[in-house]
Amino acid sequence: MRLARVVGTVVASTKDKGLQGEKLLVIQPLDEQLNVASDEVVVAVDCVAAGPGDLVFYTLAREATFALKNYNAPVDAAVTGFVDQVNVEVEGKVDNLILE
Amino acid sequence: MKLGHVQGNVVSTIKHPCFHGQRVLIVQPLNLLGEKDGPAVLACDSVSAGPGDVVLLQQNGISAQEILGTKKDPLHSVIVGIVDRVCR
């Protein structure tokens, strides 16, 4: 699961019937500082009625279909929750991770 | 599994029902030098890890469901252990 910002929506009239009735959002992955991590953009199925500009987290891979009613939908990304607050308390690298 | 460094947590009220009662932590995957290895990910906590802990980060849905005792839930990242030390 990763943090993301909803950037827009996708309208597709011709699509697989597994996607019928699902709202498609364009989301941009963020890092823990809420900066844009890369110029990668993901299209995810919306499960929490998110809209453009919302800070959300999303699930990838096969587990994304479990967020929908139809478990066999052709989906690999699903927005599964809004984010109200991100608390980053520790930053930077881990010193002497390996003991010689 | 990966070595991860817990950096903080995420507060979310409107979310999929399976996340209710779960602590969602921000985990930074580490390489052997203890540095950042890829983007930070969110993971559900099952061992009460806190910020600053080096943890075992597991990112497979089927195991996540067995660990958290849930059925068919849209989550695949779980913290499964707190690392005391890594020896060469």
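The values are calculated or read from the model by the stated rules, or taken from the named source; none is laboratory data. Because the structure is a prediction, the values reported are computed rather than measured. With ideal geometry, Cβ positions are generated from the backbone for all residues, glycine too; neighbour counts draw on all protein chains shown.
You will find that of A:Val48, A:Val75, A:Val86, the residue that is closer than 23 Å to B:Ala49 by Cβ and touching a strand residue (DSSP E or B) at 6+ places or on another chain (Cβ under 9 Å) is A:Val86 and no other. Taking segment A:55-100 as the range and being assigned to a strand (DSSP E or B), closer than 23 Å to B:Ser12 by Cα and at the interface with chain B (Cβ under 7 Å from one of its Cβ atoms) as the test, the residues that pass are A:Phe57, A:Thr59, A:Ala78, A:Thr80, A:Gly81, A:Phe82, A:Gln85, A:Val86, A:Asn87, A:Val88.
Whether a residue is surrounded by 13 or more Cβ atoms within 10 Å (Cβ to Cβ), of a type in the set (Gly, Ala, Ser), over 20 Å from B:Ala40 (Cα atoms) and touching a Cys at 6+ places or on another chain (Cβ under 7 Å) was assessed, and A:Ala67 passes this test. Out of curiosity, is A:Ala4 in a strand (DSSP E or B) and modelled with pLDDT of 90 or more? Yes: the conditions hold for A:Ala4.
The single residue among A:Ala77, A:Ala50 that is of a type outside the set (Ser, Thr, Tyr), surrounded by 18 or more Cβ atoms within 10 Å (Cβ to Cβ), within 14 Å of the chain's Cα centre (by Cα) and closer than 22 Å to B:Gln58 by Cβ turns out to be A:Ala77.
Can you tell me which of (1) touching a residue at least 12 places away in the same chain (Cβ under 8 Å); (2) farther than 19 Å from A:Glu89 by Cα; (3) surrounded by fewer than 15 Cβ atoms within 10 Å (Cβ to Cβ); (4) not hydroxyl-bearing (Ser, Thr, Tyr) is the one B:Ile14 doesn't meet? Of (1) touching a residue at least 12 places away in the same chain (Cβ under 8 Å); (2) farther than 19 Å from A:Glu89 by Cα; (3) surrounded by fewer than 15 Cβ atoms within 10 Å (Cβ to Cβ); (4) not hydroxyl-bearing (Ser, Thr, Tyr), only one is false for B:Ile14: (1). None of B:Gly34, B:Gly8 is assigned to a strand (DSSP E or B), facing chain A (nearest Cβ under 7 Å) and over 17 Å from A:Thr59 (Cα atoms) except B:Gly8. Which one of B:Leu25, B:Leu75, B:Leu42 is at pLDDT below 90 and either out of contact with any Gly (no Cβ under 8 Å at 6 or more places or on another chain) or at negative phi (or both)? Result of the check over B:Leu25, B:Leu75, B:Leu42: B:Leu75.
Residue count for segment B:37-79 under the criterion of being in contact with a strand residue (DSSP E or B) (Cβ under 6 Å, 6 or more places away or on another chain) and among the small types (Gly, Ala, Ser): the result is 7. Within the set A:Leu34, A:Leu25, A:Leu30, the sole residue that is within 14 Å of chain B (Cβ to nearest Cβ) and crowded, with 18+ Cβ neighbours inside 10 Å turns out to be A:Leu30. Checking every residue in segment B:43-58 against the condition of being touching a Ser or Thr at 6+ places or on another chain (Cβ under 6 Å) and not in a loop (DSSP other than H, G, I, E, B) gives at least one match.
Filtering segment B:13-22 to residues that are more than 7 Å from chain A (Cβ to nearest Cβ) and over 14 Å from B:His76 (Cα atoms) leaves B:Pro17, B:His20, B:Gly21.
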